[in-house]
1. Got the relative contact order for the stretch 3-93 handy, in percent, Cα pairs under 8 Å and 6 or more residues apart?
2. Where the only charges are on Cβ atoms (+1 Lys, Arg; -1 Asp, Glu), what is the dipole of the chain about its Cα centre, to the nearest 20 debye?
3. Here are some values of Rg and Dmax of the Cα atoms in Å: (i) 12.4, 37; (ii) 13.2, 41; (iii) 13.2, 39. Which one was computed from this structure?
4. Can you check what the net charge comes to around Ser49, using other residues whose Cβ is under 12 Å from the Cβ of Ser49 (Lys, Arg +1; Asp, Glu -1)?
5. Could you please report the charge total around Gln74, scoring K, R as +1 and D, E as -1 over all other residues with beta-carbon less than 9 angstrom from its beta-carbon?
6. What length, rounded to one decimal in nm, is gained on full extension from Val89 through to Ala7, with 0.36 nm per residue of separation minus their alpha-carbon distance?
7. Counting Lys +1, Arg +1, Asp -1, Glu -1, what net charge surrounds Thr38 among other residues with beta carbon under 15 Å of its beta carbon?
8. Where does the chain land at 222 nm, in deg cm²/dmol rounded to the nearest 500, when only DSSP H runs of n ≥ 4 count, each adding -39500 (n - 2.57), divided by all residues?
Amino acid sequence: MTLTVIATIKAKAGKEAQMQQDLLELVDPTRSELGCITFNLLLDNQDPSIFVVYENWESQAALDAHYQQPYVQQVFNSYEETLAEPIVVMFLTKIA
């Protein structure tokens, strides 16, 4: 069963470029991970401080392994400086 994750991430004012660079550094290594089906980084057309990550994973175990990767942990640590508000994360399962 595929697990879909949609995360909405808001950068602090003046930290948008740093947030974008940090998130872009996740894309290629994440797409190479075992169990990653889709990993897309999107930018809100009306608010350039809002990023959305759209992910599809083969399993919860694959997603859990992703969160343990050093490059993911590095971005999580950078959120202390760049994140404006708590990340909104939805974990979804396709039903039709």
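Rule-based calculations on the coordinates, nothing more; no lab input. Remember, predicted model here, so these are calculated numbers, not experimental data. Don't worry about glycine lacking a Cβ; one is built from the backbone with ideal geometry, like all the others, and counts go over all protein chains shown.
1. After rounding, I find 47 percent.
2. Working: 5 positive and 13 negative charges, 37 e Å.
My answer is approximately 180 debye.
3. (ii)
4. Working: positive: Lys10, Lys12, Lys15; negative: Glu16, Asp44, Asp47, Glu85.
Net local charge, Ser49 excluded: -1.
5. Here the charged neighbours net out to -2.
6. 29.1 nm
7. -2
8. Working: 3 runs with 37 residues, N = 96.
The helix contribution divided over the chain gives -12000 deg cm²/dmol.
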